[in-house]
Amino acid sequence: MGMTMTQKILAAHAGLPSVQAGQLIEADLDLVLGNDITSPVAIHEMEKMNTTGVFDKDKIALVLDHFVPNKDIKSAQHCKCVREFACKHEISNYFDVGDMGIEHALLPEKGLTVAGDVIIGADSHTCTYGALGAFSTGVGSTDMAAGMATGKAWFKVPSAIKFNLTGKPAKWISGKDIILHIIGMIGVDGALYQSMEFVGDGIRYLSMDDRFTIANMAIEGGGKNGIFPVDEVCEAYLKEHSKRPYQIYEADADAVYDKEYTIDLSALKPTVAFPHLPENTKTIDEVGEISIDQVVIGSCTNGRLEDLRIAAELLKGKKVAKGLRVIIIPATQKIYLDAMEAGYIRTFIEAGAIVSTPTCGPCLGGYMGILAERERCVSTTNRNFVGRMGHTESEIYLASPAVAAASALTGKISGPDEIG
């Protein structure tokens, strides 16, 4: 029986000739990730273990990004805990204020994640790195602690679903529209503990930023991970950002998939997820008249340079709707600088938006954009659960940067084609 791409990576890291779905394995880890919310819990758990240090100071990444710069005393204490641990164990890949970014944009940019890796992170959107042909998945803080101590983790080998992407998407269709369409199709538990493996001739039309967005939201469909094949676009990214060797794995021709779906990208329309689940999707022509109070463009899902370029293209020379709050958050310091040099930051400010330091802040209702009772927000983030961005009676509409920018100009949920 053949293996999927994910199964081949796990077999190699478990030192086994083959694995099959449902099998329990122990695999070697190439990277263990934590942030300012999850790392303190892992650090305290690790202190209970009979260990004198970390397994490899170069294979741990600690990124302060959720409540940074610190919003209150509790978040400051959390960051102090992580800072002291990083110093004590001489963690090479520690990112604090001034050098930090949103973790899932920062690590690929820094070349810390490459094809063929096995990566765990105490954050559910660690599945982002599947865009690079790696197996990456979110874990709990206790598993993170064990990973930091031993360099190993237990996995149940996932079965897989194949998503065959065909055709060329229209101008304003991005990775966000594609993954929202897929989640709307399969539901938030449609790929529960399964590998979402994306293939097909349509992939060649997807930028790396599109692929990061799609892999990032695999968890919103219940997936254990999302993964793309390594093609010329991916290899160019790997060579530009990393000096580490990488390993390309390909699914066997007779690999077994639980289900297969085909998505014609040329037929997709801008897609919006209505409250309060990512599966509650409508195309832009089904939305109707929905006024909004806030727009957020950023996050580990859509805070990359291409996202900011799209937003700037729509906002340039225009003003955001009166009374609307528009918050734009570049995902890393480098993206911030690149956006500045490209003139995007000036465009945003002149349009009436504000630009923040890299942070996850508003995505999880942390800070930098909390919603009040009965307020509505169009956001390029990844979750729209009840109370996710603030008051339990607020509403979040998930959308692409193009839809978010267009909505910022009209004050209601709008498609980019509505902007003259």
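The values are calculated or read from the model by the stated rules, or taken from the named source; none is laboratory data. Everything numeric here is computed off the predicted structure, so don't read it as measured data. When we count neighbours, we look across all protein chains shown, and the Cβ atoms used for this are built from the backbone with ideal geometry, even at glycine. Accessible surface areas use protein heavy atoms only, side chains included; no ligands, DNA or RNA. Shrake-Rupley method; radii C 1.70, N 1.55, O 1.52, S 1.80 Å.
A compact globular protein would have a Cα radius of gyration near 2.2 N^0.38 Å; the ratio found for region 179-327 is 1.20. Using the average count of surrounding beta-carbon atoms within 10 Å as a protection proxy, the listed peptides 115-125, 348-358 rank, highest first, as 115-125, 348-358. The distance from the alpha carbon centre of region 280-309 to that of region 228-257 is 30 Å, rounded to a whole number.
Taking N as the number of residues in region 278-328, what value does Rg over Cα atoms divided by 2.2 N^0.38 Å take?
Details: Rg = 12.8 Å, N = 51, 2.2 N^0.38 = 9.8 Å.
With N residues counted in region 278-328, Rg over 2.2 N^0.38 Å equals 1.31.
Say a paramagnetic label sat at a point 7 Å from the Cα of Ala170, along Cα to Cβ; which residues of region 182-216 have their backbone N under 15 Å from it? Nothing falls inside the zone, counting backbone N under 15 Å. With coordinates expressed along the principal axes, the C-alpha atoms belonging to region 96-247 extend over 46, 35, 31 Å, beginning with the largest.
For region 1-152, the per residue solvent-accessible surface stands at 36 Å², with DNA, RNA and ligands left out and a 1.4 Å probe.
Based on the reciprocal of the average 1/r between different C-alpha atoms, the Kirkwood radius for region 1-55 equals 13.7 Å.
Counting pairs of Cα atoms in the chain, how many percent are more than 27 Å apart? Value for the chain: 48 percent of Cα pairs lie more than 27 Å apart. Ellipsoid fit via the Cα gyration tensor, region 325-388: semi-axes of 24, 13, 8 Å, each the root of five times an eigenvalue, largest first. For region 343-420, the relative contact order works out to 20 percent when only alpha carbon pairs closer than 8 Å and six or more residues apart are counted.
Note on region 309-349: Rg/Rh from Cα positions, Kirkwood definition for Rh, rounded to two decimals, is 0.98.
Out of the total accessible area of the chain (probe 1.4 Å, heavy atoms of protein only), what percent is carbon and sulfur?
Details: 8100 of 16150 Å².
Of the solvent-accessible surface of the chain, carbon and sulfur hold 50 percent.
Here the convex hull built on the C-alpha positions of region 258-408 has a volume of 129 cubic angstrom per residue. Normalised Debye scattering of region 183-231 at q = 0.21, 0.32 Å⁻¹ gives log10 I(q)/I(0) of -0.70, -1.18, counting only Cα atoms as equal scatterers and leaving out solvent.
First obtain the Kirkwood hydrodynamic radius of region 110-197 from its Cα pairs, then insert it into the Stokes-Einstein equation at 25 °C and 0.890 mPa s, and state the resulting D in µm² per second as a whole number. Approximately 165 µm²/s, per Stokes-Einstein. Peptides 170-182, 62-74, 247-259 ordered by packing proxy, namely the average of other Cβ atoms within 10 Å per residue, highest first: 170-182, 62-74, 247-259.
Across every pair of non-identical alpha carbons in region 1-140, the mean reciprocal distance, once inverted, gives a Kirkwood radius of 15.9 Å. Dividing the summed helix terms, -39500 (n - 2.57) for each DSSP H run of n ≥ 4, by the number of residues in the chain produces a 222 nm estimate of -8500 deg cm²/dmol to the nearest 500. Debye calculation, C-alpha points only, no solvent: report log10 I(q)/I(0) for region 156-209 at q = 0.14, 0.16 Å⁻¹, in the same order as the q values. Reported log10 I(q)/I(0), two decimals: -0.41, -0.53.
Distance from the C-alpha centroid of region 364-384 to that of region 46-70: 29 Å, rounded to the whole angstrom.
Across the chain, the mean sequence separation of Cα contacts (distance under 8 Å, 6 or more residues apart), normalised by length, yields a relative contact order of 17 percent.
Diffusion of region 239-296 by Stokes-Einstein, at 20 °C in a medium of 1.002 mPa s and with Rh set to the Kirkwood radius over alpha-carbon pairs, works out to 128 µm²/s.
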